[in-house]
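Some notes on the structure that comes next.
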Amino acid sequence: MVLSALSTATAGASGAAKATPPKTVSKDEFLQLFVTQLRNQDPLSPMDGAGFTAQLAQFSSLEQLTNISDGLKSLLLFQNSLQNTLTPNLIGKQVGYQGKDSTGADAVLSGTVTGIAFDADRTWLVVDGATRIQPGDVKEIRNNP
């Protein structure tokens with residue numbers, strides 16, 4: 001009877017654990033854990049050199065990945081800023097852009113850029129007052145006669 005209650009409690013606890021997403025550890029938290037582990041190790045049997053080296057390598061990898069992620073975020077912000085600066089020059093121009101024709105097949109369509117719309121982290125060109133396209137879909141730009 002006690003065993004079945006224990007099994008039920010364990011099953012409920014493991015179900016709750018599966019529902020919660022795993023927590024990621026930041027580089028600062030990792031470093032704090034590492035230093036705490038070094039402080040609290042048994043001086044008569046310290047951590048072996050291989051384990052110490054492996055943890056230092058993990059920390060170094062984590063730090064480099066964090067730096068790469070920060071660099072990519074900065075690059076994306078710069079790219080969006082540049083795109084927002086250049087797109088107003090397209091207002092009033094006729095553009096050819098990648099889209100779908102009336103049958104749903106891929107085609108190069110054309111129209112006049114009548115405005116610009118901003119949505120979350122994206123910039124859209126408004127073509128002929130209705131169609132929104134991304135600047136990367138533009139295949140050609142022509143001056144209106």
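Every number in this text was worked out from the coordinates using simple rules, so none of it is lab data. Not measured: the values here are computed from a predicted model. Ideal geometry is used to build each Cβ from the backbone, glycine not excepted, and the neighbour counts take in all protein chains shown.
Using the structure shown, list the pairs from 73/139; 73/100; 93/139 with a Cα-Cα distance above 21 Å, or answer none.
Cα-Cα > 21 Å for 73/139; 73/100; rest within.
Near residue 23, which lysines are there with a Cα under 17 Å away, not counting those fewer than 8 places off in the same chain?
Residue 23 reaches no qualifying lysines.
Hey, what's the Cα Rg ratio for the range 24-89 versus the globular rule of thumb, 2.2 N^0.38 Å?
Taking the Cα Rg and dividing by 2.2 N^0.38 Å, one obtains 1.84.
Applying a 10 Å radius around every beta-carbon, put 106-119, 71-84 in order of their mean neighbour count, most first.
With the highest mean Cβ count within 10 Å placed first, the list reads 106-119, 71-84.
At 25 °C and 0.890 mPa s, what whole-number value in µm²/s does Stokes-Einstein give for the translational diffusion of the range 91-142, with Rh from the Kirkwood sum over Cα pairs?
Reported coefficient: 221 µm²/s.
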